[in-house]
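The values are calculated or read from the model by the stated rules, or taken from the named source; none is laboratory data. From a predicted model like this one, the values you see are computed outputs, not experimental measurements. Note that we place each Cβ from the backbone using ideal geometry, even for glycine, and neighbour counts take in every protein chain shown.
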Amino acid sequence: MVLVSFISTVPCLLPVVHSSTSTISRYPYHSTTIRCKIEAEVGNGDGLHRRDFLYCLGATAALDLVARSSYLIDVANAADLIQRRQRSDFQSSIKTTLLTAIKGSPDLVPSILTLALNDAITYDKATKSGGANGSIRLSAEISRPENKGLAAALSLVEEAKKEIDSYSKGGPISYADLIQLAAQSAVKSTFLASAIRKCGGNVEKGSLLYTAYGSSGQWGLFERNFGRSDAQEPDPDGRVPQWENASVQEMKDRFKAIGLGPRQLAVMSGFLGPDQAATEALLAKDPEVAPWVDKYQRSRETVSQTDYEVDLITTLTKLSSLGQTINFEAYSYPVKRIELGKLKL
């Protein structure tokens, strides 16, 4: 009997060798090892055919390549899961920091919303420039007339950034990300405050109401778009209206320029200057915008506020991704390897 053994690291079966004088027997393997045993009868002088030998050798080599590829894919998938967990944990910490900061300065909520809008709405489709790139932090941009009154909101973001950077393991957070996440936190704090009011000021009941009826699940795409880059120069001047002084037509034109319409303009009324009620009263005079203003006003009176909340989250998500290529590996970091030899058992 002639015996040829091959070892592969692939947990699958080898193809059958077609030969009238040889048989293949397969044995259970341990871990990921397979043994291929070729038995050939020596009778009649046939022995092990060279063709059979090469066939099995080639098949084993191919399976070894597949095994290595599968291993690399498994490693890549594991690394991806680790990165996702790191980014998710980091984002959760950021939200906690921002919510605490906003809770201490609730009067800045309208300014925080406008800060995020004005940073994003500089986007120009023709030149693919501007957008949610953090350029509003630069003195040449924050000092423009349309950004008057937003310095305090920017200061809150800057202070939050110092704290966030102190515990970040994957490098400093970009202003582009932080400004948009601050807007999200401001929106959530507003919805929570509304729920508490509907419960007669009872914080515990209000929080439970918001948890039960809120649209937190709608933030998925917004939170995935995490990894924006900061611009190093201010965006071109003249792209952002002075919202409190702008006509409805000017507002509509600006929203149209970035691919949004009357519906999105109405739902973003809380972002258009410091006085939402005054802005909505102005928008209600326009026949295209008025139906949406009425719809969202009625929605805010319901327990769930579903129409208003979902549309607001959807619009903010689109705005916050304008002009940005997201780095989905941002803020991830190498995992420290454990040296098993140094473990004390």
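Of all the residues in the stretch 72-131, those that are modelled with pLDDT of 95 or more and hydrophobic (A, V, I, L, M, F, W, C) number 15.
Taking the options GLU163, GLU141, name whichever one is in the same structural domain as SER269 (by TED's automatic domain parsing), over 20 Å from ARG239 (Cα atoms) and touching a Ser or Thr at 6+ places or on another chain (Cβ under 6 Å).
From the options GLU163, GLU141, the qualifying one is GLU163.
Taking every residue in the stretch 226-242 that is in contact (Cβ under 8 Å) with a residue 12 or more places away in the chain and pairing it with any residue that is assigned to a loop (DSSP other than H, G, I, E, B) and among the hydroxyl-bearing types (Ser, Thr, Tyr), at least 6 positions away or on another chain, the pairs with Cβ-Cβ distances below 7 Å are ARG228/SER174; SER229/SER174; ASP230/SER174; ASP235/THR122; ARG239/THR122; VAL240/THR122.
Given the criteria hydroxyl-bearing (Ser, Thr, Tyr), surrounded by fewer than 19 Cβ atoms within 10 Å (Cβ to Cβ) and assigned by TED's automatic domain parsing to the domain that holds LEU181, does THR279 qualify? No, not satisfied. When the residues of the stretch 160-177 are filtered to those that are part of a helix (DSSP H, G or I) and of a type in the set (A, V, I, L, M), which remaining residue is nearest to SER139 (Cα to Cα)? It comes out as ALA176. Would you tally the residues in the stretch 145-155 being out of contact with any Ser or Thr (no Cβ under 6 Å at 6 or more places or on another chain) and buried (at least 17 other Cβ atoms within 10 Å of the Cβ)? Qualifying residue count for the region: 3. Mind checking whether some residue in the stretch 137-151 is in contact (Cβ under 8 Å) with a residue 40 or more places away in the chain, within 18 Å of THR97 (Cα to Cα) and out of contact with any strand residue (DSSP E or B) (no Cβ under 7 Å at 6 or more places or on another chain)? Within the stretch 137-151, none of the residues are in contact (Cβ under 8 Å) with a residue 40 or more places away in the chain, within 18 Å of THR97 (Cα to Cα) and out of contact with any strand residue (DSSP E or B) (no Cβ under 7 Å at 6 or more places or on another chain).
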